[in-house]
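**Q** Could you have a look at this structure, given as structure tokens, before my questions?
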Amino acid sequence: MTKNITNFTATIILAVILSLFLPWWSVMTAALATSLFIPLKKTAVFFVPFLAILVFWAGHSFVLSSANDFILAKQISQLLKIGGNPYLLILITGVIGGLAAGIAAIFGKQLTLLNSKK
């Protein structure tokens, strides 16, 4: 349980730091690095980084959107035909980032297993 919390926290911290300098895919780098150095077991390999980046991206997009009263988020959600709901757009943004991070973390776990067999 402590590894899950440590991985969750480390993923968010590393993602925040990397997001200052790198594009959107930096969350995948953060999830990959934390899965290499803080190994998890079974489904936690995917779900812990998934939830970490979902929380980070959803929170970050909420803060950015609330600065302008969700005007841009409402317009984009109308373009994407999700009913003009900015909160649904924020949730979708978080899920997409979480999927990218979860897949990268699985790749990191596979690299760890490949390295340990040699």
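The values are calculated or read from the model by the stated rules, or taken from the named source; none is laboratory data. Since the model is a prediction, treat every value here as computed from it, not as a measurement. Cβ atoms come from the backbone with ideal geometry, glycine included; neighbour counts cover every protein chain shown.
**Q** So Gly59 ticks every box in (1) small (Gly, Ala, Ser); (2) touching a helix residue (DSSP H, G or I) at 6+ places or on another chain (Cβ under 7 Å); (3) part of a helix (DSSP H, G or I) but one. Which box is left unticked?
**A** Here Gly59 clears every test but (2).
**Q** Is it true that Lys41 is in contact with a helix residue (DSSP H, G or I) (Cβ under 9 Å, 6 or more places away or on another chain), of a type in the set (D, E, K, R), at pLDDT below 95 and outside any helix (DSSP H, G or I)?
**A** In short, yes.
**Q** Another question, if that's okay. Just wondering, is there one or more residues in the range 23-41 that are surrounded by 16 or more Cβ atoms within 10 Å (Cβ to Cβ) and more than 16 Å from Gly108 (Cα to Cα)?
**A** Scanning the range 23-41 turns up no residue that is surrounded by 16 or more Cβ atoms within 10 Å (Cβ to Cβ) and more than 16 Å from Gly108 (Cα to Cα).
**Q** Going through the range 42-100 one residue at a time, which ones are under 13 Å from Ile12 (Cα atoms) and either of a type in the set (D, E, K, R) or in contact (Cβ under 8 Å) with a residue 60 or more places away in the chain (or both)?
**A** Of everything in the range 42-100, just one residue is under 13 Å from Ile12 (Cα atoms) and either of a type in the set (D, E, K, R) or in contact (Cβ under 8 Å) with a residue 60 or more places away in the chain (or both), namely Gly97.
**Q** In the set Thr2, Thr11, which member is of a type in the set (S, T, N, Q), under 30 Å from Asn115 (Cα atoms) and buried (at least 17 other Cβ atoms within 10 Å of the Cβ)?
**A** Unique residue meeting the criteria: Thr11.
**Q** Could you give every pair whose Cβ atoms fall below 8 Å, whose first residue belongs to the range 1-24 and is under 17 Å from Val48 (Cβ atoms), and whose second residue is at pLDDT below 95 and outside any helix (DSSP H, G or I), counting only separations of at least 6 or pairs across chains?
**A** Lys3/Ile38; Lys3/Pro39; Lys3/Leu40; Asn4/Leu40; Thr6/Ile38; Asn7/Ile38; Asn7/Leu40; Ala10/Ile38
**Q** For the range 82-96, state whether one or more residues are of a type outside the set (A, V, I, L, M) and modelled with pLDDT under 90. Working first, answer last.
**A** Keep residues of the range 82-96 that are of a type outside the set (A, V, I, L, M), which gives 83-87, 93-94.
Still in the list and also modelled with pLDDT under 90: 83-84.
Yes - at least one qualifying residue is present in the range 82-96.
**Q** Identify the single condition in (1) in contact with a Leu (Cβ under 9 Å, 6 or more places away or on another chain); (2) more than 30 Å from Lys42 (Cβ to Cβ); (3) of a type in the set (Ser, Thr, Tyr) that Tyr87 does not satisfy, given that it satisfies every other one.
**A** Checking Tyr87 against (1) in contact with a Leu (Cβ under 9 Å, 6 or more places away or on another chain); (2) more than 30 Å from Lys42 (Cβ to Cβ); (3) of a type in the set (Ser, Thr, Tyr), the one that fails is (1).
**Q** Of all residues in the range 57-114, which are small (Gly, Ala, Ser), under 23 Å from Met28 (Cα atoms) and loosely packed, with under 15 Cβ neighbours inside 10 Å?
**A** If the condition is that a residue be small (Gly, Ala, Ser), under 23 Å from Met28 (Cα atoms) and loosely packed, with under 15 Cβ neighbours inside 10 Å, then Gly59 is the only one that fits.
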